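A short write-up of the structure that comes next.
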Amino acid sequence: MAAHADLASAPVVVTGASGFIGRALVRQLRGEGRVVRAVSRHPWDAPAGVRVISLQDYQDTAALAAAFEGAGCVLHLAALAHREGSAAEFDASVHAAQCVVKTARRCGVRRIVFLSSIGVNGHRTEVRPFTEDDVPGPVEPYAHSKLQAEQAVVAGCAGGHLDYVIVRPPLVYGPDAPGNFGRLVRLVRRGWPLPLGGIHNARSFLALDNLLDLLAVCTHHPAAANQVLLAADAEDLSTPELVRHIAAGLALPARLVPVPPGLLRAGARLTGRERLAESLCSSLQVDASKARRLLAWQPRVHAAEGVERAAQSSRAP
């Protein structure tokens, strides 16, 4: 296992560097004084001092090798986003993970941090929060592809000098976040009544800043080696609470209408939006105590404060 100080001083590579999380992670690592290489399929304005490697797809092993040579850690964030895509596109994400880990091993990289998804555990909790010890229960194609990519990373690291860290976050929110958080911000900003006031659930979320802190620690902490870690804010929120905090951040009223969840689900089935209804109505709680215990990581952003700040900082469309 590589020494803590050695990994902390070695160059670090971020794939998917032009994405919502990737851009912020590159900035954070560079701000910490790390030597950062950013790999992306899309053009973007990288911070000063960051080496940018462009490629057409993540099966371009020559481009990956140019980025990985001499690096200590690769943070593999690149993947199909927002849980939408064809089977072929999800397969491409799995193949990309296989190429990344094989190339990293060949180039002498010592750690790969793979950003997965809590969807690998499942899409809802009933009795207790998810933990790392749960048998995987992915439901959506996106989550299945994440599990397959995890398995590719673990297999690719077996029996060599390369160790892995797998991080499974729930919904990540921050300024201008994509996906359901961004949709809710836009709906609240437009003043639309939302039929979510009758929902009584508990969901774990993860502030972008909390995720960045955890990923940065995972690049070098000795105890992170060959671990699967769940990540979440310290506090859970119900869907109505989430909307109220978004509204507070925008200095607008939360126009919540108390519609029974069963009626919402029925309407969602008729309109083909069952997945959206599931994410709004059901509970999904995450036990992130392992990451806190092993790595001394603490979420520094509280959920209510983080949601309000993220909404306030999001740009109007």
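What stretch of the chain, leaving out the sites themselves, is the longest with no GluC sites (Glu not before Pro) in a DSSP loop having at most 13 other Cβ atoms within 10 Å?
Details: sites that count: E32, E84, E126.
It runs 127-317.
Calculate, in nm to one decimal, what S54 and R300 gain on full extension: separation in residues at 0.36 nm each, minus their alpha carbon distance.
So the chain would gain 85.2 nm between S54 and R300.
Which of the listed residues, L77, I246, I21, is farthest toward the dipole's positive end in the chain, when Lys, Arg count +1 and Asp, Glu count -1 at the beta-carbon?
Of the candidates, I246 comes out farthest on the positive side.
What angle do you read, to the nearest 10 degrees and between 0 and 90, between the alpha-carbon axis of helix 87-106 and the longest principal axis of the chain?
For 87-106 against the chain, the angle is about 30 degrees.
Stretch V154-H123 to full length: gain in nm at 0.36 nm per residue minus the Cα-Cα span?
Working it through step by step, the gained length comes to 8.9 nm.
Counting other beta carbons within 10 Å of each residue's own, what order do S238, S314, S116 fall into, fewest first?
By the 10 Å Cβ count, ascending, the order reads S238, S314, S116.
For a quick check of your reading of the filter: which trypsin sites (Lys or Arg not before Pro) in the stretch 134-218 sit in a DSSP loop and have no more than 14 other Cβ atoms within 10 Å?
R190
Return one number: the angle in degrees, 0 to 90 and rounded to the nearest 10, between the long axis of the Cα atoms of helix 20-31 and the longest principal axis of the Cα atoms of the chain.
That works out to roughly 50 degrees.
What trypsin sites (Lys or Arg not before Pro) in the stretch 245-317 are in a loop by DSSP, with at most 10 other Cβ atoms within 10 Å of the Cβ?
For trypsin sites (Lys or Arg not before Pro) across the stretch 245-317 that sit outside H, G, I, E and B with at most 10 neighbouring Cβ atoms in 10 Å, the list reads R315.
Quote the charge dipole size of the chain about the Cα centre in Debye, to the nearest 20; the model charges only the Cβ of Lys and Arg (+1) and of Asp and Glu (-1).
The dipole of the chain has a size of about 540 debye.
For n ≥ 4 DSSP H runs only, could you compute -39500 (n - 2.57) per run for the chain, divide by its residues and tell me the 222 nm figure to the nearest 500?
Numbers: 12 runs with 134 residues, N = 317.
Calculated mean residue ellipticity at 222 nm is -13000 deg cm²/dmol.
Can you give the three extents of the C-alpha atoms in the stretch 1-151 along their principal axes, from longest to shortest, in whole Å?
46, 33, 28
Give, as a single signed number, the net charge of other residues whose beta carbon lies under 15 Å from the beta carbon of P317, with Lys and Arg counted +1 and Asp and Glu -1. Provide the component values of the computation, followed by the final result.
Working: positive: R183, R186, R189, R190, R315; negative: D176.
Local charge sum for P317: +4.
Going 7 Å from the Cα of S313 along its beta-carbon direction, which residues of the stretch 8-46 have the amide nitrogen within less than 15 Å of the resulting point?
20-29, 31
Taking the Cβ of E132 as the center, what net charge do the other residues with Cβ under 15 Å away carry, scoring Lys and Arg +1 and Asp and Glu -1? Before the final figure, lay out the partial values.
Numbers: positive: R128, K146, R168, K290, R292, R293; negative: D133, D134, E150, D287.
Once all neighbours under 15 Å are counted, the net charge is +2.
Let me check the size of the chain from its C-alpha atoms; what are the radius of gyration and Dmax in Å?
That works out to 19.5, 57 Å for Rg and Dmax.
For the stretch 103-153, I need the span (max minus min coordinate) of the C-alpha atoms along each principal axis, in Å, sorted largest to smallest.
Between the extreme Cα coordinates on each principal axis of the stretch 103-153 lie 44, 21, 14 Å.
When averaged across all projection directions, what area in nm² does the alpha-carbon convex hull of the stretch 121-226 cover?
So the Cα hull casts an average projection of 9.0 nm².
Report, in degrees rounded to the nearest 10, the 0 to 90 angle that the Cα long axis of helix 208-218 makes with the longest principal axis of the chain.
30
Work through the residues other than V301 whose Cβ is under 15 Å from its Cβ and net out their charges, Lys, Arg +1 and Asp, Glu -1.
Taking every Cβ under 15 Å from that of V301, the sum is -4.
All of the numbers you see were taken from the coordinates with simple rules; none came from a lab. Model, not experiment: these values are computed from the prediction. Neighbour counts run over all protein chains shown; Cβ positions are idealised from the backbone, glycine included.
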